[in-house]
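Taking it in order: structure first as structure tokens, then the write-up.
Throughout, read-outs are computed from the coordinates displayed, never taken from laboratory work. The model shown is predicted, which means the values in this text are computed figures rather than measured ones. Methodologically, a virtual Cβ is constructed for each residue, glycine included, from the backbone with ideal geometry; neighbour enumeration extends over all protein chains shown.
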Amino acid sequence: DTAVSQTPKYLVTQMGNDKSIKCEQNLGHDTMYWYKQDSKKFLKIMFSYNNKELIINETVPNRFSPKSPDKAHLNLHINSLELGDSAVYFCASSPHFGTGGSEAFFGQGTRLTVV
Amino acid sequence: SQELEQSPQSLIVQEGKNLTINCTSSKTLYGLYWYKQKYGEGLIFLMMLQKGGEEKSHEKITAKLDEKKQQSSLHITASQPSHAGIYLCGADMGTGANNLFFGTGTRLTVIP
């Protein structure tokens, strides 16, 4: 069984559209994350979230919003897509919330292409 | 500015050769994680280091964290084509929520 699953794996859409990427984890973890990997393969945190606290990377445009219907899901919603949003987006989860170290499990990534 | 510096950015080695990838931070780290990413796929967890001077091994891969907890190295012995991919170091900088900040990655190619 896949621990962290993302859908879709590929997403091609036009500028200005609104789209969502779904993420589900079946590990019972408390915390989920969204990362963006740019064309140079640099992976950067966008959000970390548990049922009590959302931490937003201040560089993330407010067109991006995480939505968590329950502890096992953290979806990424993007409004008014721009060309620069094209990237691979990774969802991840980890057992704990807070500094102290625990392995983060990553999904397979969603390659978003905005045309 | 880059939180973590990885070197080299790319590496091409002959099968059977040893290699080392480095990851350096200007700040003391709460945890250092090594991941491998195969082309077009997700990240695979390799190892986590938390204590200064800690060293862990898995099969032919060894990772070390220095005493100051600012530098880590990943060493592969007798490399194989299956080792090819992008190696990423991720660090818990103590900003809370166990957010990982990643290095720029090292692209490893192993020539048979």
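Could you list the GluC sites (Glu not before Pro) in segment B:43-112 that lie in coil according to DSSP, counting only those with at most 12 other Cβ atoms within 10 Å of their Cβ?
Details: sites: B:Glu54, B:Glu55, B:Glu59, B:Glu67; in loops: B:Glu54, B:Glu59, B:Glu67.
Qualifying residues, ordered by number: B:Glu59, B:Glu67.
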Q: Obtain the nm distance between the two label points defined at A:Glu58 and B:Asp66 by a simple spin-label model: each point lies 7 Å from its Cα along the Cα-to-C-beta direction.
A: 3.0
Q: May I ask for the longest run of chain B untouched by trypsin sites (Lys or Arg not before Pro) that are loop-located per DSSP and have at most 15 neighbouring C-beta atoms (other than their own) within 10 Å?
A: B:69-112
Q.
Averaging over every viewing direction, what projected area does the convex hull of the Cα atoms of chain B cover, in nm²?
A. 6.7
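Across peptide A:106-115, how many C-beta atoms of other chains are within 10 Å of each residue C-beta, on average?
Numbers: counts 8, 2, 4, 5, 0, 1, 0, 0, 0, 0.
What the average comes to for A:106-115 is 2.
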Q.
For a quick check of your reading of the filter: which chymotrypsin sites (Phe, Trp or Tyr not before Pro) in segment B:39-97 sit in a DSSP loop and have no more than 11 other Cβ atoms within 10 Å?
A. B:Tyr39
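Which loop-located GluC sites (Glu not before Pro) does segment A:12-67 contain, where loop means any DSSP state but H, G, I, E or B and the Cβ has at most 13 other Cβ atoms within 10 Å? Could the numbers behind the result be given before it?
On the way: sites: A:Glu24, A:Glu53, A:Glu58; in loops: A:Glu53, A:Glu58.
Of the GluC sites (Glu not before Pro), the ones in loops of segment A:12-67 whose Cβ has at most 13 other Cβ atoms within 10 Å are A:Glu53, A:Glu58.
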**Q.** Qualifying aspartates and glutamates (Cα of each under 13 Å from Cα of B:Lys56; at least 8 residues distant if same chain)
**A.** B:Asp66
Q: Determine the alpha carbon to alpha carbon distance for each of B:Lys38/B:Lys69; A:Lys22/A:Lys44; A:Lys36/B:Lys36; A:Lys36/B:Lys51; B:Lys36/B:Lys60 and list only those over 20 Å.
A: B:Lys38/B:Lys69; A:Lys36/B:Lys51
Q | Nitroxide proxy distance, nm - points 7 Å out along Cα→Cβ at A:Asp18 and B:Ser7 | A | 4.8
Q.
Residue by residue through B:100-111, how many Cβ atoms from other chains fall within 10 Å of the Cβ on average?
A. 3
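Can you give the FRET efficiency for A:Leu83 and B:Gln50, using 1/(1 + (r/R0)^6), R0 = 25 Å, r = Cβ-Cβ distance, to the nearest 0.05? Could you put the intermediate results ahead of the total?
Working: r = 40 Å, r/R0 = 1.61.
The computed FRET efficiency comes out at 0.05.
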